[in-house]
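Student: My questions all concern the structure below.
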Amino acid sequence: MWNGDAIATAERKVNLQGAFNFRDLGGYKTTDGHTVKWGKLYRAEELGRLAAADLRYVRRMGIKTDVDYRTDAEAKAMPDPVLAGADYVRTDAGNAGGAADLNAMIASGMMKDEESAVQMMAGFNKQMVDDPKFYAQLMELLNDPANMALVQHRTA
């Protein structure tokens, strides 16, 4: 039942040909009762497959900062395109806690079943968030309005 609060509606998924998991993180409630503004913070998979039309669309979105969390090997294999008007920030979050290239782990047979894969990804996520250098860098980026709109991404 509607309680009289204003409701903001927007499309969370950004429809791009070369990125199927590009999403606006706006609209989420914060722990202090505020709401994340739409059009300021995005998450995506690797951006190297963006089509020319996608790049034009992303430019119109006003992306000012592209934060790439991928490992060195992942970034070298599929470099980000230049997002016009955006600063590119590479961080070592993909290597947090000594995490190696995920593709190499798969190839080596370390992830033999779905449960192993889920546990490994949960461990990587925890390492990334618990890394004080990474976390400080992310907070610095997010706290500077000049960096907005910001897209952050990994491989998938």
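Student: If you scan the stretch 136-156, which residues turn out to be part of a helix (DSSP H, G or I) and either loosely packed, with under 11 Cβ neighbours inside 10 Å or among the basic types (Lys, Arg) (or both)?
Tutor: Result: Ala136, Met139, Glu140, Asn143, Pro145, Ala146.
Student: Going by what's in this entry, would Gly33 be described as free of Cβ contacts under 8 Å to residues at least 12 places away in the same chain, at positive phi and surrounded by fewer than 19 Cβ atoms within 10 Å (Cβ to Cβ)?
Tutor: Here the answer is yes, as Gly33 does meet what is asked.
Student: So which of Leu83, Leu16, Leu50 is part of a loop (DSSP other than H, G, I, E, B), in contact with a Pro (Cβ under 9 Å, 6 or more places away or on another chain) and either of a type in the set (Ser, Thr, Tyr) or touching a residue at least 12 places away in the same chain (Cβ under 8 Å) (or both)?
Tutor: Leu50
Student: Hey, another quick one. Residue under question is Asp68, and the condition is that it be within 20 Å of Arg49 (Cβ to Cβ), crowded, with 16+ Cβ neighbours inside 10 Å, at pLDDT 80 or above and of a type in the set (Asp, Glu); does it hold?
Tutor: Yes; evaluated as a whole, the condition is true for this residue.
The values are calculated or read from the model by the stated rules, or taken from the named source; none is laboratory data. Being a predicted model, the structure only gives us computed values, none of them experimental. Ideal geometry is used to build each Cβ from the backbone, glycine not excepted, and the neighbour counts take in all protein chains shown.
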